[in-house]
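J.: Below you will find the structure I want to go over with you.
The values are calculated or read from the model by the stated rules, or taken from the named source; none is laboratory data. None of the values given here were measured: they were computed from a predicted structure. Neighbour counts are summed over all protein chains in view; Cβ atoms, including those assigned to glycine, are modelled from backbone coordinates with ideal geometry.
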Amino acid sequence: MKKAARIDGKAFAARLREKVGEHALAFAAKAGRKPGLAVVLVGEDPASQVYVGSKGKACVAANMDSFEHRLPVETSEADLLALVERLNADATVDGILVQLPLPDHIDEQAVIAAIHPDKDVDGFHVINAGRLAVGQVGFVPCTPLGCMMMLTERLGDLSGLEAVVIGRSNIVGKPMAQLLLAANATVTIAHSRTRDLAEVVRRADIVVAAVGRPEMIRSDWLKPGATVIDVGINRLPPEPGRDKGRLVGDVAYDEASEVAGAITPVPGGVGPMTIAVLLRNTLVAAHRNEGLAPPEGL
Ligand code: NDP
């Protein structure tokens, strides 16, 4: 049987990062400064430390300034809010990203609400969620925007296509559904209370899985030829003799490739796009903050 095309997010992300880097140089020539991203990490969560480190390196590689703020786990909410206020007022900072999750004594929503919406390059502020919902210009969360870029490159016009998004989180599922709706797809959002999920997914020309359950979506859930975007990142228990388990998505990749038309792998699919889109959003923020038109086609 014909195998699905592998949607190479890693290669797509590399191309996007290169383009962003070129535009960042052109921006610096006009504005007299580089685009700047401030990343704030509270505490020592190992995964968050890795993410923050790679975001900083990616910024520098894309000709941007990276301002890292690593704060101790006991930092108070008031001190964190005061830092966000300083970054809001700092003209060299175009984007502010507070790495989640925050320690339990800090109210995440209060911190997100404190970020100026025009520096909210993660797109998590309610103002940006509202702008997306009503079709105004704002910032869109990086992961779903990256998924959308891969979908439109692969499929072109999405008008009239049936799309099923599995997962309704504020950072992936809901904004993904809004983007698909804005692109004129017919959108269904499925979640843990959806009845007969396999039957719902079988209708879909486009499936976006953002659940967090290893290999839950099986090949017999898919319509032949469907385009499958797998957002899930799940680590399986280690096999004997290994320290770490394999990373898998929410879709059973091997069997799904026998039915789907195209599919993103895990790793190497959606994951690399997230940082590339963060850089893209920071570049756009820099242009808007300087009153310049953001580059087209990014
Ligand atoms: P959340 O846990 O916030 O949301 C998961 C969603 O899946 C919920 O809406 C939940 O439904 C739904 N769900 C859970 N179980 C089922 C089920 N059995 N059937 C149907 N729906 C179900 O996760 P996120 O949205 O933050 O992340 C989803 C996945 O994507 C994770 O694996 C995460 O690691 C990954 N991720 C990857 C990123 C990347 O860069 N590649 C970035 C962000 C996330 P309900 O609302 O009813 O509880």
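J.: For region 177-195, what are the residues that are within 11 Å of the ligand (Cβ to nearest atom) and either touching a Ser or Thr at 6+ places or on another chain (Cβ under 8 Å) or part of a loop (DSSP other than H, G, I, E, B) (or both)?
T.: Within region 177-195, His191, Ser192, Arg193, Thr194, Arg195 qualify.
J.: Which pairs have Cβ atoms under 9 Å, sit 6 or more apart or on different chains, and link a residue in region 133-148 that is free of Cβ contacts under 8 Å to residues at least 12 places away in the same chain to one that is assigned to a helix (DSSP H, G or I) and more than 9 Å from the ligand (Cβ to nearest atom)?
T.: Gln136/Gly130; Val137/Arg131; Val137/Arg288
J.: So Ser257 passes all but one of these: (1) in contact with a Leu (Cβ under 6 Å, 6 or more places away or on another chain); (2) modelled with pLDDT of 95 or more. Which condition number does it fail?
T.: Status for Ser257: all satisfied but (1).
J.: If a residue must be farther than 25 Å from Leu83 by Cβ and either touching a Gly at 6+ places or on another chain (Cβ under 7 Å) or acidic (Asp, Glu) (or both), how many such residues does region 21-39 contain?
T.: Going through region 21-39 one residue at a time, the tally reaches 1.
J.: A further question on this structure: Does region 264-282 hold any residues that are assigned to a loop (DSSP other than H, G, I, E, B), surrounded by 24 or more Cβ atoms within 10 Å (Cβ to Cβ) and either without any contact (Cβ under 8 Å) to a residue 24 or more places away in the chain or not β-branched (Val, Ile, Thr) (or both), and which are they?
T.: Residue satisfying the conditions is Gly269 alone.
J.: So which residues in region 70-96 are surrounded by fewer than 19 Cβ atoms within 10 Å (Cβ to Cβ), in contact with a strand residue (DSSP E or B) (Cβ under 8 Å, 6 or more places away or on another chain) and closer than 29 Å to Phe27 by Cα, if there are any at all?
T.: Scanning region 70-96 gives Arg70, Asn88, Asp90, Thr92.
J.: Out of region 101-122, which residues are in contact (Cβ under 8 Å) with a residue 40 or more places away in the chain and either in a strand (DSSP E or B) or farther than 24 Å from Ala28 by Cα (or both)?
T.: Pro101, Leu102, Pro103, Ile106, listed by residue number.
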